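A quick write-up on the structure given underneath.
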Amino acid sequence: MTYNALGDPECGRQDLVLMGKREKPREADGAAWLEFLFAVVTNAAFLVPLRMLWRRRRVADVAACVGLVITSTFYHYCETFRVSIFGMNAGNWHRLDNVFAIAGSVTFVALLMGRASKAGPSQQELDGLRWGALFVGLFFQELNPWNVACTIAPVAGALAYAAWWLSTRAPAGHGARFRSREFRYAAVAQVVAHVFFALGLDERRDVFRAWHGLWHLANAASATMYLVALDPLPPNGASPSRARQKVEA
């Protein structure tokens, strides 16, 4: 067994990236459909925060969430049945899945900072955060999409920037947004989601990708509650941006 530059064995799922599709299509037996249920169908849970993002007119975040749902669904479908979609195998779709997972995580970072406004972050700061994390993420995904550190690194950089902004540039009273009951629930769901993700990294134990499916569900629940806590809709149901425009007028 040989190892690549980052210390990962060049075998298992890594073969899908290095060598392409090496296995014949998998028979659609009970085990395959069970994995399909856990790994593929659970992506539907992200349609809930996606609808919430749309109602809030968070266009950039909607694009990131749509990309995440599509690439994660295609990746896990190709991985489950060992097939290709649009000429790309599971390894190709996994790279794209990681890219949009990074973009989706930065959506959370932008939520922490708040909407662009005179008192909050500028649009340039939010755009720089999103594009900067995406550029760094693309580099690391070309380096090694199967090394978790390559997915964590750009998100960690975005969180570090947000921590600096919150500690030095956030307006007075900004921290009150993080003291709601919904925010605490979202944070707990996020911790649970990451526990499920870590458990799902062991392919030998997570045979049917059950832990990874629970990661999808808990992550979607966390995103939903973060949106409720950090970007609530006005009582009349209008988007926050439109409501703010009416107040300023």
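The values are calculated or read from the model by the stated rules, or taken from the named source; none is laboratory data. Keep in mind that this is a model prediction, so the values were computed, not measured. We place every Cβ from the backbone using ideal geometry, glycine too, and count neighbours over all the protein chains shown. Accessible surface areas use protein heavy atoms only, side chains included; no ligands, DNA or RNA. Shrake-Rupley method; radii C 1.70, N 1.55, O 1.52, S 1.80 Å.
When the range 131-144 is examined, which residues are found to be in contact (Cβ under 8 Å) with a residue 24 or more places away in the chain and closer than 18 Å to CYS65 by Cα?
Once the filter is applied, which keeps residues that are in contact (Cβ under 8 Å) with a residue 24 or more places away in the chain and closer than 18 Å to CYS65 by Cα, the range 131-144 yields GLY132, ALA133, LEU134, GLY137, LEU138.
Is there a residue being basic (Lys, Arg) and free of Cβ contacts under 8 Å to residues at least 40 places away in the same chain anywhere in the range 88-101?
Start the filter on the range 88-101 by keeping residues that are basic (Lys, Arg), which leaves 95.
Imposing the further condition that a residue be free of Cβ contacts under 8 Å to residues at least 40 places away in the same chain reduces the set to none.
No, there is no match, as no residue in the range 88-101 is basic (Lys, Arg) and free of Cβ contacts under 8 Å to residues at least 40 places away in the same chain.
Can you pull out every residue in the range 101-115 that is within 21 Å of PRO145 (Cα to Cα) and open to solvent by less than 10 Å² (accessible area, probe 1.4 Å)?
ILE102, VAL106
Taking the condition of being open to solvent by less than 50 Å² (accessible area, probe 1.4 Å), within 24 Å of MET225 (Cβ to Cβ), without any contact (Cβ under 8 Å) to a residue 60 or more places away in the chain and more than 14 Å from the chain's Cα centre (by Cα), how many residues in the range 145-188 meet it?
Within the range 145-188, residues that are open to solvent by less than 50 Å² (accessible area, probe 1.4 Å), within 24 Å of MET225 (Cβ to Cβ), without any contact (Cβ under 8 Å) to a residue 60 or more places away in the chain and more than 14 Å from the chain's Cα centre (by Cα) number 9.
Output yes when any residue across the range 94-107 is over 14 Å from the mean Cα position of the chain (by Cα), modelled with pLDDT of 90 or more and of a type in the set (A, V, I, L, M, F, W, C), and no when none is. Give the steps one after another, and end with the answer.
Our first condition is that a residue be over 14 Å from the mean Cα position of the chain (by Cα); within the range 94-107, this holds for none.
No: zero hits.
Here is a check on your reading of the model: is GLY132 in contact with a Pro (Cβ under 9 Å, 6 or more places away or on another chain) and either on the phi > 0 side of the Ramachandran plot or small (Gly, Ala, Ser) (or both)?
yes
Among the residues of the range 80-95, how many are crowded, with 21+ Cβ neighbours inside 10 Å and among the small types (Gly, Ala, Ser)?
2
Scan ASP202, ASP206 and give me the residue that is in contact with a Gly (Cβ under 7 Å, 6 or more places away or on another chain), part of a loop (DSSP other than H, G, I, E, B) and closer than 30 Å to PHE81 by Cα.
Details: ASP202 fails: in contact with a Gly (Cβ under 7 Å, 6 or more places away or on another chain).
Result of the check over ASP202, ASP206: ASP206.
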